[in-house]
2 protein chains.
Amino acid sequence: MSETTSVKSLIEPTGAVVPSTVPTHWYNLAADLPEPCPPALNPGTQEPLGPDDLAPLFPMGLIMQEVSTEREVEIPQTVREIYALWRPSPLIRAHRLERALGTPAKIFYKYEGVSPAGSHKPNTAVAQAYYNAVEGTTKLTTETGAGQWGASLSFACSLLGLDCEVWQVRSSYDQKPYRRFQMETYGGVCHPSPSDLTESGRAMLAADPDTTGSLGMAISEAVEVAAQDPNTHYALGSVLNHVLLHQSVIGIEAMDQLDQIGERADVIFGCAGGGSNLAGLTFPFIGRNVREGTSTQIVACEPAACPSLTQGEYRYDHGDVAGLTPLLKMHTLGKDFVPLPIHAGGLRYHGMAPMVSHTLNLGLMTAIAVEQEDAFAAGVEFARAEGIIPAPESTHAVAGAIARARAATTDETILIGLSGNGVLDLTAYADYV
Amino acid sequence: MSETTSVKSLIEPTGAVVPSTVPTHWYNLAADLPEPCPPALNPGTQEPLGPDDLAPLFPMGLIMQEVSTEREVEIPQTVREIYALWRPSPLIRAHRLERALGTPAKIFYKYEGVSPAGSHKPNTAVAQAYYNAVEGTTKLTTETGAGQWGASLSFACSLLGLDCEVWQVRSSYDQKPYRRFQMETYGGVCHPSPSDLTESGRAMLAADPDTTGSLGMAISEAVEVAAQDPNTHYALGSVLNHVLLHQSVIGIEAMDQLDQIGERADVIFGCAGGGSNLAGLTFPFIGRNVREGTSTQIVACEPAACPSLTQGEYRYDHGDVAGLTPLLKMHTLGKDFVPLPIHAGGLRYHGMAPMVSHTLNLGLMTAIAVEQEDAFAAGVEFARAEGIIPAPESTHAVAGAIARARAATTDETILIGLSGNGVLDLTAYADYV
């Protein structure tokens, strides 16, 4: 079998039976926003970005999604087949946590930790790898924090026949070798960032040889490598509109699952780093609020150590440190902000997805900051009651929800976005038990 | 809330909705065996063991299951509610692996790695913790190899309000600290074995201070501690009849899931260490073979480094090194056999469940031994095609199934027991990629 035939066959559906409960379309909040999201700007001209500006980094299928204002985008059957390996992800009522808290509130969690990579990240990794494979890309580069994104993209590339090269924030690379082994098991290649493999990496190392790294630095390296080879593209794990679009399967399913049992979410807690988990979970609910006048409250939970939504400025900024990416209007701590090496590596990003930032700015969601200690205490409480050990990122949402449930005086319905499991973050838990 | 009330409330059902696809009864192969399984013997008198002999270690609810010959045993509602956190576990057709192998065979896998502990072990851990809690036990002790059993029992004890103390085989304790952190996150306590905390441990250390440990040694320590306190009981993760009974949910579900799509398994591959995963997956099919004359072939896959079924003698032997446990008729390498510290720690047991041994002896199943290198090669091949990284234990079954599928000339149906995921065993994979 030739290489070409082999790659082609991997993007074709296998004929697997996909349950009807796996969404057929992604949901795009852009269709329901009362005001359009401010556009991304070309960093040179400061003019709104056109599709051609993005072509060196992304396939046209994803670029069109990036600028789309259609409410629904059909999910390719090959992507649905791969989703069906773990989707629909479970929506579980936390009866034992409710009992432990003695709360009258009803607590549900939507659990994305059942994916092969252990988090919500494969929802977009599979889609991105698919659209790249269809257009002939042979390799994807990316950055990763805790490693969940890098592992997810390696997984997706393996199933769809692409090579995968990952730059991982050095503090996580050193703390969490298991994630790298996970990438390598899927055939991916992983470097600590900053590395001496790129111009931007070498410049950052020259400026601070002992830097623990940041997502912004790692993005610069991955983008630089992708831009140099026409067959190599770049994949971003959060922030961009098309990523948020793919993650909407979380919220679409959660809404359906609640509808099935006659429940309505009064309030939703989701953790926020770059914004993809939060948006995926909550945008379908925000869209319904806008369209139908429902009043589901949305609470973004971010780490106090990296508080872009609660402390950042809302302005145009670069997505990376070297300034290679477009200018994005977002809540930002500044592209040079280097957060403490907290355990929730996936939340250590200086900015926030423009669509999430815009939504917050319009008053369609609220935000809180959670201290790491409180987040882990909530994670341990959750684990001991429900049996699932939440990812450090997810514990921020759990903390918000537990505080709300403790204060509840009615049987309000609380939905937690449990974006991943903490199995590969157990060294972090060891500090808190 | 008093301690008593608290424990009592944890054993009561919460009222959670349990899907009808979660089994209501466990299946007991003893009811269908053409000849009864040879009884366990009292190590002192060499007479068949009575319920009273087991009372110092186990609650009466489990003892009655140990000696039961009823075909069906009802699953308590509290246990079903906890099962529903991850059950029914998925049965997935491995379309992408089939395509990669170019086989005409249909390959399915029953995936137990979705449980909170990442393996099949919680199926019995929850049941054992439940029956102990009901009868007033306040603490359980146990042994563990790779740590999947210790983590599973810690999880179950946490949800049901029991303390949990675990002795982990030293080679795994040193290799795999994440499992210990997992136990601790659930509130469990974990010691390396042999330890200086018990008489048997001190004797083993005196005999060989550098021993890497074995499950047989760790069992001696856990049993010794449990026997000293009437409120402390012992829990075994495999081998005994009641453990195999609880695991039957795997095979019951798999048979139902295949029936639902009009498939019949021609051959089933399951990994075999103590025998609980293998029995849980295959006994319902063996029972049907016996009752209805179906001809599903069963292949036990054990590590070449610890080949009790393919190389052991079939005779009475102790379950532990110190000789504290009853004598069990089983395929055994001898209670003093110390297997190499292979990565599949859960398969490093000198003996095999009496019921599995008897079944093999009656010709109701077959067995093969798999080299570690071949097992991991199969695990990597599976991961890159299907996206799930199998536990090192499970890779033995995957290797057997892949060899069968490569040789297949018809569209026969192959079922793999994927007993767990390898997320906490990625250091092992790192040696093979």
**Those residues of the stretch A:123-154 which are of a type in the set (A, V, I, L, M, F, W, C) and part of a helix (DSSP H, G or I), in sequence order** = A:Ala125, A:Val126, A:Ala127, A:Ala129, A:Ala133, A:Val134, A:Trp149, A:Ala151, A:Leu153
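Given the residues B:Arg87, B:Arg96, B:Arg80, B:Arg71, which is the only one that is charged (D, E, K, R) and touching a Leu at 6+ places or on another chain (Cβ under 8 Å)? Talk me through it step by step, then tell me what you get.
Numbers: B:Arg87 fails: touching a Leu at 6+ places or on another chain (Cβ under 8 Å); B:Arg80 fails: touching a Leu at 6+ places or on another chain (Cβ under 8 Å); B:Arg71 fails: touching a Leu at 6+ places or on another chain (Cβ under 8 Å).
Matching residue, one of B:Arg87, B:Arg96, B:Arg80, B:Arg71: B:Arg96.
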**Request:** Mind counting the residues in the stretch B:338-356 that are more than 24 Å from B:Ser193 (Cβ to Cβ) and touching a Lys or Arg at 6+ places or on another chain (Cβ under 7 Å)?
**Result:** 0
**Complete:** When the stretch A:213-228 is checked residue by residue, the ones that are over 8 Å from A:Glu143 (Cα atoms) and aliphatic (A, V, I, L, M) are A:Met217, A:Val223, A:Val225, A:Ala226, A:Ala227
**Request:** Please specify each residue of the stretch A:54-75 satisfying the condition of being among the small types (Gly, Ala, Ser) and either modelled with pLDDT of 95 or more or within 20 Å of the chain's Cα centre (by Cα) (or both).
**Result:** A:Gly61, A:Ser68
**Item:** Residues satisfying the stated conditions in the stretch B:155-203, i.e. in a helix (DSSP H, G or I), within 14 Å of another protein chain (Cβ to nearest Cβ) and farther than 21 Å from B:Leu426 by Cβ
**Value:** B:Ala156, B:Cys157, B:Ser158, B:Leu159, B:Leu160
**Request:** Given the conditions (1) in a loop (DSSP other than H, G, I, E, B); (2) buried (at least 24 other Cβ atoms within 10 Å of the Cβ), report the number of the one that B:Ser295 does not fulfil.
**Result:** (2)
**Prompt:** Could you say which residue among B:Lys110, B:Lys139, B:Lys121 is away from chain A (no Cβ under 12 Å), surrounded by fewer than 24 Cβ atoms within 10 Å (Cβ to Cβ) and of a type in the set (Lys, Arg)?
**Reply:** B:Lys139
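Based on this model, can you work out whether B:Pro51 counts as closer than 21 Å to B:Ala133 by Cα, of a type outside the set (D, E, K, R) and modelled with pLDDT under 95? Show your work before the answer.
On the way: closer than 21 Å to B:Ala133 by Cα: yes; of a type outside the set (D, E, K, R): yes; modelled with pLDDT under 95: yes.
Yes.
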**Prompt:** In the stretch A:23-53, which residue that is hydrophobic (A, V, I, L, M, F, W, C) and outside any loop (DSSP other than H, G, I, E, B) is nearest to A:Trp86 (Cα to Cα)?
**Reply:** A:Trp26
**Prompt:** Can you find a residue in the stretch A:70-92 that is of a type in the set (Gly, Ala, Ser), out of contact with any Asp or Glu (no Cβ under 8 Å at 6 or more places or on another chain) and within 21 Å of A:Ser276 (Cα to Cα)?
**Reply:** yes
**Request:** Only residues that are in contact with a helix residue (DSSP H, G or I) (Cβ under 7 Å, 6 or more places away or on another chain), aliphatic (A, V, I, L, M) and surrounded by fewer than 21 Cβ atoms within 10 Å (Cβ to Cβ): list them for the stretch B:204-238, please.
**Result:** none
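Among the residues of the stretch A:38-70, count how many are of a type in the set (Asp, Glu), surrounded by fewer than 16 Cβ atoms within 10 Å (Cβ to Cβ) and closer than 17 Å to A:Ala226 by Cβ. Lay out the reasoning, then the answer.
Of the stretch A:38-70, the ones of a type in the set (Asp, Glu) are A:47, A:52-53, A:66, A:70.
Of the ones still in play, those that are also surrounded by fewer than 16 Cβ atoms within 10 Å (Cβ to Cβ) are A:47, A:52, A:70.
Checking which are closer than 17 Å to A:Ala226 by Cβ leaves us with A:52.
Number satisfying all stated conditions: 1.
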**Request:** Could you check the stretch A:331-433 for helices (runs of 4 or more DSSP H) lying wholly inside it with 1 or more residues that are within 14 Å of chain B (Cβ to nearest Cβ) and either touching a Ser or Thr at 6+ places or on another chain (Cβ under 6 Å) or crowded, with 24+ Cβ neighbours inside 10 Å (or both)?
**Result:** A:372-386, A:392-407, A:426-429
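Can you say whether B:Leu10 is in contact with a Gly (Cβ under 6 Å, 6 or more places away or on another chain), more than 24 Å from B:Ile250 (Cα to Cα) and surrounded by 21 or more Cβ atoms within 10 Å (Cβ to Cβ), as far as the supplied structure shows?
Answer is yes for this residue.
From the residues in the stretch B:209-237 that are assigned to a loop (DSSP other than H, G, I, E, B) and touching a strand residue (DSSP E or B) at 6+ places or on another chain (Cβ under 8 Å), which one is farthest from B:Leu57 (Cα to Cα)? Step through it out loud before you land on a result.
Taking the stretch B:209-237 and keeping what is assigned to a loop (DSSP other than H, G, I, E, B), we get B:209-214, B:228-231, B:235-237.
Checking the rest, the ones that are also touching a strand residue (DSSP E or B) at 6+ places or on another chain (Cβ under 8 Å) come to B:212-214, B:229, B:231, B:235-237.
Values: B:Thr212: 26, B:Gly213: 23, B:Ser214: 21, B:Asp229: 10, B:Asn231: 10, B:Ala235: 8, B:Leu236: 10, B:Gly237: 14 Å.
Per the criteria, the residue is B:Thr212.
From A:Leu333, A:Leu281, which residue is over 25 Å from A:Thr124 (Cα atoms), touching a Gly at 6+ places or on another chain (Cβ under 7 Å) and hydrophobic (A, V, I, L, M, F, W, C)? Explain how you work it out, then say what you get.
Details: A:Leu281 fails: over 25 Å from A:Thr124 (Cα atoms).
One residue alone meets the criteria, A:Leu333.
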**Request:** Determine whether the stretch B:362-382 contains at least one residue that is touching a Gly at 6+ places or on another chain (Cβ under 6 Å) and within 15 Å of B:Ala279 (Cα to Cα).
**Result:** no
**Complete:** Of the candidates A:Gly251, A:Gly262, the one satisfying the condition of being over 10 Å from the mean Cα position of the chain (by Cα), on the phi > 0 side of the Ramachandran plot and either within 14 Å of chain B (Cβ to nearest Cβ) or in a helix (DSSP H, G or I) (or both) is A:Gly262
**Request:** State whether the residues of the stretch A:238-246 include one that is assigned to a loop (DSSP other than H, G, I, E, B) and farther than 18 Å from A:Leu33 by Cβ.
**Result:** yes
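So is A:Leu57 touching a residue at least 12 places away in the same chain (Cβ under 8 Å) and touching a Gly at 6+ places or on another chain (Cβ under 6 Å) or not?
Numbers: touching a residue at least 12 places away in the same chain (Cβ under 8 Å): yes; touching a Gly at 6+ places or on another chain (Cβ under 6 Å): no.
The answer is no for A:Leu57.
Could you please let me know if A:Gly387 is modelled with pLDDT of 95 or more, of a type in the set (Gly, Ala, Ser) and out of contact with any strand residue (DSSP E or B) (no Cβ under 8 Å at 6 or more places or on another chain)?
Details: modelled with pLDDT of 95 or more: yes; of a type in the set (Gly, Ala, Ser): yes; out of contact with any strand residue (DSSP E or B) (no Cβ under 8 Å at 6 or more places or on another chain): yes.
Yes, satisfied.
For the stretch B:73-102: of the residues being touching a strand residue (DSSP E or B) at 6+ places or on another chain (Cβ under 9 Å) and assigned to a loop (DSSP other than H, G, I, E, B), which is nearest to the other protein chains (Cβ to nearest Cβ)? Reasoning before the result, please.
So in the stretch B:73-102, the residues touching a strand residue (DSSP E or B) at 6+ places or on another chain (Cβ under 9 Å) come out as B:73-75, B:84-85, B:89-95, B:97-98, B:101.
From the residues that got through so far, the ones that are assigned to a loop (DSSP other than H, G, I, E, B) too are B:75, B:84-85, B:89-90, B:94.
On the way: B:Ile75: 17, B:Ala84: 8, B:Leu85: 6, B:Ser89: 11, B:Pro90: 8, B:Ala94: 10 Å.
In this case the residue turns out to be B:Leu85.
Against the definition (away from chain B (no Cβ under 14 Å), in contact with a His (Cβ under 8 Å, 6 or more places away or on another chain) and in a loop (DSSP other than H, G, I, E, B)), how does A:Pro56 come out, yes or no? Lay out the reasoning, then the answer.
Values: away from chain B (no Cβ under 14 Å): yes; in contact with a His (Cβ under 8 Å, 6 or more places away or on another chain): no; in a loop (DSSP other than H, G, I, E, B): yes.
Judged against the criteria, A:Pro56 is not a match.
The values are calculated or read from the model by the stated rules, or taken from the named source; none is laboratory data. Fair warning: this is a prediction, and the values are worked out from it, not measured in the lab. Here Cβ is always computed from backbone atoms with ideal geometry, including for glycine, and neighbour counts include all displayed protein chains.
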